[in-house]
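This report refers to the structure that appears directly beneath it.
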Amino acid sequence: MRDTYESPLSSRYADKEMKYIFSPDMKFKTWRKLWIALAEAEHELGLEVTQEQIDELKAHADDINYEVAEQREKLVRHDVMSHVYAYGVQCPKAAGIIHLGATSCYVGDNTDVIIMTEALKIVEKKLVSTIRLLSEFADKYKNLPTLAFTHFQPAQPTTVGKRATLWIQDLLMDLEDVQYIINNMKLLGCKGTTGTQASFLELFEGDHEKCKQIDRLIAEKMGYKECFAVSGQTYSRKLDSRVLNVLAGIAQSASKFSNDIRLLQHLKEIEEPFEKNQIGSSAMAYKRNPMRSERMASLSRYVMIDVLNPYITAATQWFERTLDDSANKRLSVPEAFLAVDAILNLYMNVSDGLVVYDKVITAHLMNELPFMMTENIMMDAVKKGGNRQELHEKIRTYSMEVKMSGSNDLLEKIAADPAFFVTLDELKAKIEPSKYVGRSPKQTEDFLSEVVAPALRPYENIATQKAEINV
């Protein structure tokens, strides 16, 4: 539809799999699974819920009669009770026990936890794929010397592969956080209007142990280890901020990477993928703008700001619950996931197609390497009887002259000065870039084998994903 607003996160950026996780169909099917789990738990704990009723509920778990629910909601203005009614129309024998003892948050909040968990699993797989692709890149270029930068000023050389390990290390921290959150997700359970389980204490005729068991059974049936031990009407909204914290962390990592790639593309050393027929600029035909990296930075900025929403929501909840979280959650949580899905698609795509201009990299390094040799030159001259302070001043003076001239003849100037006790041939023999990268190649090898490989071992059966980027 061209006359109705669509979120670009849905229409333009995120993948179908992530969009389905936050779809109405996923939500309402999960509601029905939760109603079935509740009925089974109540049956097992001795309430008058029959196996016949449970079987009837299971028979209609997926064929939701949306039209009936929508018509009912127009009348009663309550989404949960409308779907209870619609489910009951399909399951007349079970109609009287659907949602027995529960409140709206039983399906609403438990479903939110389940959806966030499933969405995190998608994020986890894409993080793994991104780390693998970057690891291949790091291994391929572990020996290629390149200028390193501090303050974006030329500094002691590193290698292209070693620099990539810095990007990978950030993503490994994100992967650890995602794993921790997934492994520690808890359902709300069935706690009642203010979290006291009063309705279930009544149903179970004062049996506190059965009230505890119903939460354990529901968690088990829905594939979770446990429910929150206590709650108000809802699970603590700190859970949402905890989840979005992880997503914002991924956005931080991606933004750092995208900035580095944009700077490298400016230097003409490394470029992101650029399709044969892609147009970089409507005016300047020669341009190859870093569109993917710019989009990563843009979406990352959104996620890093979006994390403030659950922060404020959690901080402003009153006592057992206020409803000012509802509209905000519907926006802030899904859109953070959709944005991170898009960010990781871009990250995978760029990592898989980075173009390295090794001759440009070497030329830049060779132009700066004479400056980086000066400390060793000075120390060698001191060993031969030179004065360290006088030599330091000479190097400073010659370096300024070279920078102002625009032509790097620093080695020639040093060789012509008898205070340094060295010839030009001797200096040129020392200008091998690989001698100045320290342990970069070995650090890269060790990092990939000792840190990355063990971290990815649990995912050996998960294929590496490749991402296609939309317009």
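Nothing in this text is a laboratory measurement; each read-out follows from the coordinates by a stated rule. Fair warning: this is a prediction, and the values are worked out from it, not measured in the lab. No Cβ is skipped: glycine too gets one built from the backbone with ideal geometry, and neighbour counts run over all protein chains shown.
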(message) Can you compute the modelled spin-label distance between N367 and D324, with each label point 7 Å from Cα toward Cβ, in nm?
(response) 5.6 nm
(message) Run the Debye formula on the Cα coordinates of region 1-110, all scatterers equal and no solvent, and tell me log10 I(q)/I(0) at q = 0.10, 0.16, 0.23 1/Å.
(response) -0.35, -0.77, -1.25
(message) So for the chain, averaging the separation of alpha carbon pairs under 8 Å that are six or more residues apart and normalising by length, what relative contact order in percent results?
(response) 19 percent
(message) What does the net charge come to around I54 if you take all other residues with beta carbon closer than 11 Å to its beta carbon, with K and R at +1 and D and E at -1?
(response) -4
(message) Rounded, prolate or oblate, given the Cα gyration tensor of region 53-111, with a/c below 1.5 counting as rounded?
(response) oblate
(request) Averaging sequence separations of C-alpha pairs under 8 Å and six or more residues apart, then dividing by the length of region 360-436, give the relative contact order as a whole percent. (result) 34 percent
(request) Would you tally the net charge around G88, using a Cβ to Cβ cut-off of less than 13 Å, leaving G88 out, and scoring K and R as +1, D and E as -1? (result) +2
(request) Order these peptides, 176-188, 65-77, by their mean beta-carbon neighbour count within 10 angstrom, highest first. (result) 176-188, 65-77
(message) If you average the alpha carbon positions of region 296-319 and of region 396-471, how far apart do those two centres end up, in angstrom?
(response) 40 Å
(request) Would you work out the charge dipole size for the chain about its Cα centre, treating the Cβ of every Lys and Arg as +1 and the Cβ of every Asp and Glu as -1, and quote it to the nearest 20 debye? (result) 1340 debye
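Within the chain, what percent of beta bridges assigned by DSSP are antiparallel, to the nearest 5?
Details: 7 of 8 bridges.
Percent antiparallel among DSSP bridges in the chain is about 90.
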(request) Measure off 7 Å from each Cα along the Cα-to-Cβ vector at E393 and H266, then give the distance between these two points in nanometres to one decimal. (result) 3.7 nm
(request) Give, rounded to the nearest 20 debye, the magnitude of the charge dipole that region 330-471 has about its Cα centre when Lys and Arg contribute +1 at Cβ and Asp and Glu contribute -1 at Cβ. (result) 280 debye
(message) Taking the Cα centre as origin and putting +1 on Lys and Arg beta-carbons and -1 on Asp and Glu beta-carbons, what dipole magnitude results for region 19-100, to the nearest 20 debye?
(response) 380 debye
(request) Quote to one decimal, in nm, the extra length available between D409 and S11 on full extension: 0.36 nm per residue of separation minus the C-alpha distance between them. (result) 137.7 nm
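What value, in deg cm²/dmol to 500, does the helix sum -39500 (n - 2.57) over DSSP H runs of n ≥ 4 give at 222 nm once divided by the residues of the chain? Working shown, then result.
Numbers: 19 runs with 289 residues, N = 471.
My calculation for the chain gives -20000 deg cm²/dmol from helical runs alone.
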(message) Ignoring solvent entirely, what values of log10 I(q)/I(0) come out of the Debye formula for region 308-422 at 0.12, 0.13, 0.14 Å⁻¹ when each Cα is a single scatterer?
(response) -0.64, -0.67, -0.72
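Only Cα pairs under 8 Å and at least 6 apart count here; give the relative contact order of region 34-144 as a rounded whole percent. Spell out each step's value before the answer.
Working: 68 pairs, mean separation 26.2, N = 111.
RCO, region 34-144: 24 percent.
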